[in-house]
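First comes the structure, then the notes that go with it.
We did not get these values from a lab; they are worked out from the coordinates using the rules stated. Since the structure is predicted, the reported quantities are computational estimates derived from the model, not experimental observations. Virtual Cβ from ideal backbone geometry, glycine too; neighbours counted across all protein chains shown.
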């Protein structure tokens with residue numbers, strides 16, 4: 001991929017009010033041939049740990065979508081693309097966990113935003129404003145690293 005600062009673009013998108021998944025997917029999407037507005041729409045339901053269920057972090061699911069967009073298979077018998085996508089996804093998870101100890105939104109935020117109480121706690125304490133930009137930045141940086149390392153395959 002061209003040397004752009006995907007991390008800066010993704011964090012800026014998040015700070016505009018988009019979800020972590022939207023921030024990641026829309027930062028990389030245009031470079032991979034996907035219109036930014038379409039990327040924002042596709043990723044919208046993945047924020048807040050998938051539909052604000054506090055499950056897998058949206059920055060992580062956004063990264064999975066980016067990996068799929070770049071390397072995913074288009075034919076059922078394309079086993080090489082499937083294996084590369086799975087290998088990149090697993091390596092992304094490993095690296096994200098190395099940096100953040102988890103891929104779970106609930107664990108990363110230390111509150112359960114799937115509940116009214118948890119969401120109120122998040123807002124009252126500014127947790128999304130202080131923690132989530134780091135997760136978005138980490139996800140973008142890891143994707144850039146992976147693509148530099150694995151694009152020669």
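With contacts defined as alpha carbon pairs under 8 Å and 6 or more residues apart, what's the relative contact order of the chain in percent?
Values: 209 pairs, mean separation 42.0, N = 153.
Normalised by residue count, the contact order of the chain is 27 percent.
Mind checking the full-extension length gain between residue 150 and residue 41? Use 0.36 nm per residue of separation minus the Cα-Cα distance, one decimal, nm. The partial results should precede the final answer.
Values: separation 109, 0.36 × 109 = 39.24 nm, distance 2.80 nm.
Computed gain between residue 150 and residue 41 is 36.4 nm.
Taking only Cα atoms and a 10 Å spring cutoff, compute GNM fluctuations for the chain and point out the largest among 120, 107, 91.
Evaluated over the chain, the most mobile residue of the options is 120.
In Å, the Kirkwood hydrodynamic radius of region 33-87 over pairs of distinct alpha carbons? Working shown, then result.
Details: mean 1/r = 0.0822 Å⁻¹.
By the Kirkwood definition, the hydrodynamic radius is 12.2 Å.
Using the C-alpha gyration tensor of region 41-121, what are the square roots of 5 times its eigenvalues, in whole angstrom, with the largest one first?
Details: eigenvalues 159, 43, 11 Å².
Semi-axis lengths for region 41-121 are 28, 15, 8 Å.
With r defined as the distance between the Cβ atoms of residue 130 and residue 80 and R0 fixed at 25 Å, what FRET efficiency is calculated, to the nearest 0.05? Provide the component values of the computation, followed by the final result.
Working: r = 41 Å, r/R0 = 1.66.
The computed FRET efficiency comes out at 0.05.
What's the center-to-center distance, using Cα atoms, between region 118-145 and region 78-98 in Å?
22
With the radius of gyration and the Kirkwood radius both derived from the Cα set of the chain, what is their ratio Rg to Rh? Mind dumping the intermediate values first?
Values: Rg = 15.1 Å, Rh = 15.4 Å.
That ratio is 0.98, to two decimals.
For the chain, what does -39500 (n - 2.57) per DSSP helix run (n ≥ 4), summed and divided by total residues, give at 222 nm, in deg cm²/dmol to the nearest 500?
Values: 8 runs with 102 residues, N = 153.
For the chain, the value works out to -21000 deg cm²/dmol.
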